[in-house]
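In what follows, a single structure is set out as structure tokens and then discussed.
Every read-out reported here was derived from the displayed coordinates using simple, explicitly stated rules and does not represent laboratory data. Keep in mind that this is a model prediction, so the values were computed, not measured. With ideal geometry, Cβ positions are generated from the backbone for all residues, glycine too; neighbour counts draw on all protein chains shown.
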Amino acid sequence: MTPFRRGYLTAAVIGALWTWVIAITVAIAMSFATGDAFRPSLLQALPLGAALGAVVLRVSQRGLAMAAGVGLFVVTLWAGFGPILTEGVGSVALGVAALLAGLGCGWGLHGMFAQVRPGPLTRHEFEDAIIRFLTGFGYIFFTAIVAIPFYVMVMTSLKNQQQLVANPLDFSLDLTQGWGLFQSYYELFTAFNFGTYMVNSLFISVMTVFITLLFSVPGAYAVARLRFRGQAAFSRSILLIYMVPVIVLALPIYIGFSMTGLRNTLFGILLIYPVTTIPVALYMLQGYFRGLPAEVEEAGLMDGLNRLQVIWKITLPLALPALASVSLYVFMIAWNEFLLAFMLLDDPSRFTLTRGIASLNSSEIPRQHLMAGAVVATVPIMALFLGLERFMTKGLTAGSVKG
């Protein structure tokens with residue numbers, strides 16, 4: 001039995017590391033939320049966390065473990081030493097920080113020690129505790145990567161110019177402003193014409209989805225069901241055009257669209273966007289069509305339906321999950337596309353949202369308007385994705401297994 005696989009030592013090491021992780025998380029969160037000075041202390045987090053890990057190991061109830069964690073942080077925060085150091089912080093903020101950190105430490109460590117006992121540990125028990133710690137760390141780390149930029153973006157959009165100049169790193173919210181918090185959004189739609197940008201983006205995205213499905217559905221069906229010369233080569237080369245970086249084609253596209261008068265028109269955008277989405281839609285749909293039972297379609301042909309009727313009445317209803325996932329994916333590509341819109345659109349009345357946001361990136365325009373524009377572009381597509389995510393997941397996995 002190796003020394004590191006004894007219960008108390010394992011609990012102490014994991015407790016020290018987890019307390020440090022929670023201290024960093026709570027310090028960052030409280031600094032963003034209140035604007036006060038919270039900072040983690042590694043040297044003090046490790047010994048106190050080790051002691052907390054040993055205590056939690058002896059506690060059988062989750063509530064007692066969380067109470068022990070809260071007690072540790074309450075005492076250390078008010079005493080001015082411990083895993084989180086503060087300076088000039090009010091008592092309410094200290095209490096909230098102690099509560100969050102204590103609950104996070106106690107609840108997390110109790111779950112990690114589910115199969116840990118004070119005595120010697122088996123290899124399975126030791127590895128289970130390590131995996132639980134790494135899982136908890138992964139949740140916090142990747143959540144922070146996603147949440148912190150979005151939080152900074154939203155909070156900055158709710159500031160005014162005076163607040164940003166006074167303290168650019170203060171991301172707390174001043175609720176005394178009332179509806180004045182949304183002044184940047186009001187100016188965005190009244191002074192910067194963002195309503196037109198949203199309508200343009202919505203129109204282009206919906207039409208791109210329609211055009212993509214119009215070409216990719218019969219194309220994917222032909223590759224999956226029909227037999228013709230060069231079928232295998234065509235199937236393998238579908239994604240080749242998608243693999244070519246758009247930046248390589250930027251200059252030829254710009255020259256060609258300028259010579260034909262398609263630059264600075266929504267029609268030109270609708271010609272080029274499907275070129276980038278049809279290959280990936282073809283690739284996704286052909287895999288799904290191959291997974292559908294061919295016997296159902298053959299029965300339809302025997303009943304007197306022609307091939308187009310079979311596709312319309314049998315194949316498409318069965319392929320609705322795949323169509324939903326492809327439509328959502330194509331919509332997100334068209335909604336978020338920037339390079340082609342930036343290169344081909346110069347008239348503000350024809351700007352898409354991404355092109356409009358780029359026009360706000362100027363020293364003459366306050367930064368909160370840029371952040372408000374980013375929120376306006378992000379929230380609708382995020383809500384759409386979260387609302388239809390189950391269809392996208394089902395559609396992407398349905399064709400992975402044939403039969």
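Okay, here's what the table says:
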| item | result |
| --- | --- |
| Length-normalised contact order of the chain in % [C-alpha pairs under 8 Å, at least 6 apart] | 17 |
| Burial ordering of D303, D174, fewest other beta-carbon atoms within 10 Å first | D303, D174 |
| Restricting region 73-102 to chymotrypsin sites (Phe, Trp or Tyr not before Pro) in coil, as DSSP defines it, with at most 15 other Cβ within 10 Å | F81 |
| Interchain or long-range residues, amide H under 5 Å from I84's placed H | S41 |
| Neighbour net charge for G35 - beta-carbon separation under 13 angstrom, K R +1, D E -1 | -3 |
| Computed FRET value (nearest 0.05) for L42 with E389, which takes r as the C-beta separation and R₀ as 41 Å | 0.60 |
| Where trypsin sites (Lys or Arg not before Pro) in DSSP loops with at most 14 other Cβ within 10 Å are excluded, longest remaining stretch of the chain | 1-226 |
| Inter-part distance where region 165-206 and region 301-323 are each reduced to a Cα centre, Å | 46 |
| Cβ-based exposure ranking for V206, V59, V248, in which fewest neighbours within 10 Å come first | V248, V206, V59 |
| Net +/- balance of residues flanking A341 in space, Cβ distance below 13 Å, scoring K and R +1, D and E -1 | 0 |
| Net charge over other residues, Cβ less than 12 angstrom from the Cβ of Q309 (K, R count +1; D, E count -1) | 0 |
| Burial ranking of peptide ranges 369-376, 213-220, 341-348 (average Cβ count within 10 Å, highest at the top) | 369-376, 213-220, 341-348 |
| L320-D346 pseudo-label distance in nm [points 7 Å out on the Cα-to-Cβ vector] | 4.8 |
| Matching label, Rg/Rh (Cα atoms, Kirkwood Rh) computed from the structure shown, candidates (i) 1.18; (ii) 1.10; (iii) 0.97 | (ii) |
| For A37, residues with placed amide H under 5 Å, excluding near neighbours | E87 |
| Whole-Å distance, taken between Cα centres, linking region 218-238 and region 258-284 | 23 |
| Backbone HN-Hα couplings from phi across region 63-78 [Karplus 6.51/-1.76/1.60, Hz, Gly and Pro as x] | x, 5, 5, 5, 5, 5, x, 4, x, 4, 6, 5, 5, 6, 5, 6 |
| Cβ-Cβ FRET estimate between T135 and L164, R0 fixed at 41 Å, reported to 0.05 | 0.60 |
